[in-house]
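The values are calculated or read from the model by the stated rules, or taken from the named source; none is laboratory data. Note that the structure is predicted; figures quoted are calculated from it, not measured. Here the Cβ positions follow ideal geometry from the backbone for every residue, glycine too, while neighbour counts run over all protein chains shown. Areas reflect the complete protein model, heavy atoms only, side chains present, ligands, DNA and RNA absent. Shrake-Rupley method; radii C 1.70, N 1.55, O 1.52, S 1.80 Å.
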Amino acid sequence: MKKTYTTLIIIGVVVLGIIIAGPLYVINEGEQAVIVQLGRIVDVITDAGLHVKIPFIDEVVRYPKKIMAWNGEPRTIPTRERQYIFVDVVARWRIADPKIFYESINTVDAAYIKLAEIIDSEVRTVVAGNPLIESVRNSDIIMESSSAIQDPGIGEDIDGEIIAVSQTRTNHEPITLGRRRLAEEILRRSQRMISEYGIELIDVVTRQISYSPELTSSVYQRMIRERNQVAMYFRSQGEGRKAVWLGRMDNEKRSILSAAYTEAQTIMGNADAEAARIYAAAYNAPGRREFYSFWRGIESYRQTMPKFEKTLTTDMEYFRYLYNPR
């Protein structure tokens, strides 16, 4: 009886130990696991659900199945022209082969360290092997559209002809790859090295590129020079348009004054003719002709004699009304 009681106790302890050890385990959604038996991988679990393991022998090592992000630290990297820029990249990755991942890296933290080593190295290699413009620009579209600087509000209808401001083009060096292609090259180079660790590198994206303080000053000066060139262009265009308008205004002014002078002279001539006709009609009447001649002579004296500085004689027909007793 005592022996039986002891056996039951032993069996109960064993069963309790098995229960505590947990023969059952759950793989959640977004998880995968490798089953390690005495240091050797015996199974890889990628499906979510309830699974069975051998207590005290099998070890379940869980890994995330989802896509994870790797955020790099901004680093100063020289370009091919030895101009230093700050480059900040991010990447997305996931564990594609848990078995290889466990055998080569083992932990997710170690994977982040390995990603940093590989990606940072490839970023430095690619950026240093290309000129600055390849890192900061994506395409040559700036040369096709943005380089043509035009104010859409400038343009007027002059005599039925639309006169618009000509386009100002700034010089930009052409690129062969561009920032997006460089990121793709970094991704290809990194994938070749990272795949042996059971990691799938999905993409590498350049999050930010900024100039070093020394290069920033140079870039600002270049931008200022380009803006000054554009400003000088518009000023010269404005001065040209101003000269055109002033010339047109001067021509129109002369034309208006000429027409007005012609019209004024015509009106004055017609008025003088009408006045002469009226005078003739008035003073040529019987008995008034002599008075008319006298009146015109007196009017002539009033206008001409104040201009004489001296008069030597008045014995002439012109002065007949001065000393004529009648």
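Below, the figures for the structure above:
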| item | result |
| --- | --- |
| Hits in region 283-294 (condition: at pLDDT 70 or above, touching a helix residue (DSSP H, G or I) at 6+ places or on another chain (Cβ under 9 Å) and open to solvent by less than 100 Å² (accessible area, probe 1.4 Å)) | Tyr292, Ser293 |
| Single match in Ser190, Ser217, Ser210 (criterion: surrounded by fewer than 17 Cβ atoms within 10 Å (Cβ to Cβ), at pLDDT 60 or above, more than 18 Å from the chain's Cα centre (by Cα) and within 30 Å of Val89 (Cα to Cα)) | Ser217 |
| Hey, Lys53 in contact with a Phe, Trp or Tyr (Cβ under 8 Å, 6 or more places away or on another chain), charged (D, E, K, R), surrounded by 14 or more Cβ atoms within 10 Å (Cβ to Cβ) and over 22 Å from Thr176 (Cα atoms) or not | yes |
| Near pairs, Cβ below 9 angstrom, 6+ apart or cross-chain, from region 172-186 (farther than 27 Å from Arg225 by Cβ) to any residue that is part of a loop (DSSP other than H, G, I, E, B) and of a type in the set (Gly, Ala, Ser) | Arg180/Ser139 |
| Count of region 29-63 residues which are part of a strand (DSSP E or B) and at positive phi | 1 |
| Failed condition for Ala260, given (1) part of a helix (DSSP H, G or I); (2) open to solvent by 90 Å² or more (accessible area, probe 1.4 Å) | (2) |
| Matching residues in region 64-79 - criterion: being modelled with pLDDT under 90, in a strand (DSSP E or B) and either surrounded by 13 or more Cβ atoms within 10 Å (Cβ to Cβ) or more than 40 Å from the chain's Cα centre (by Cα) (or both) | Arg75, Ile77, Pro78 |
| Failed condition for Glu134, given (1) at pLDDT below 90; (2) open to solvent by 30 Å² or more (accessible area, probe 1.4 Å) | (2) |
| Region 300-326 residues that are farther than 18 Å from Glu290 by Cα and modelled with pLDDT under 70, paired with ones that are in a loop (DSSP other than H, G, I, E, B) and open to solvent by less than 90 Å² (accessible area, probe 1.4 Å) (beta carbon under 7 Å, 6 or more apart) | Thr314/Leu322 |
| Residue list for region 80-119, restricted to those being charged (D, E, K, R), open to solvent by 30 Å² or more (accessible area, probe 1.4 Å) and touching a residue at least 12 places away in the same chain (Cβ under 8 Å) | Arg80, Glu81, Arg92, Arg94, Asp97, Lys99, Glu103, Lys114 |
| Residue match in region 225-248 (condition: of a type in the set (Asp, Glu), modelled with pLDDT of 90 or more, more than 30 Å from Ile67 (Cβ to Cβ) and surrounded by 10 or more Cβ atoms within 10 Å (Cβ to Cβ)) | yes |
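Results for (1) out of contact with any Ser or Thr (no Cβ under 8 Å at 6 or more places or on another chain); (2) of a type in the set (S, T, N, Q); (3) under 30 Å from Tyr211 (Cβ atoms), shown as yes or no for each residue.
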| residue | (1), (2), (3) |
| --- | --- |
| Ile41 | yes, no, no |
| Ala69 | yes, no, yes |
| Thr79 | no, yes, yes |
| Val123 | yes, no, yes |
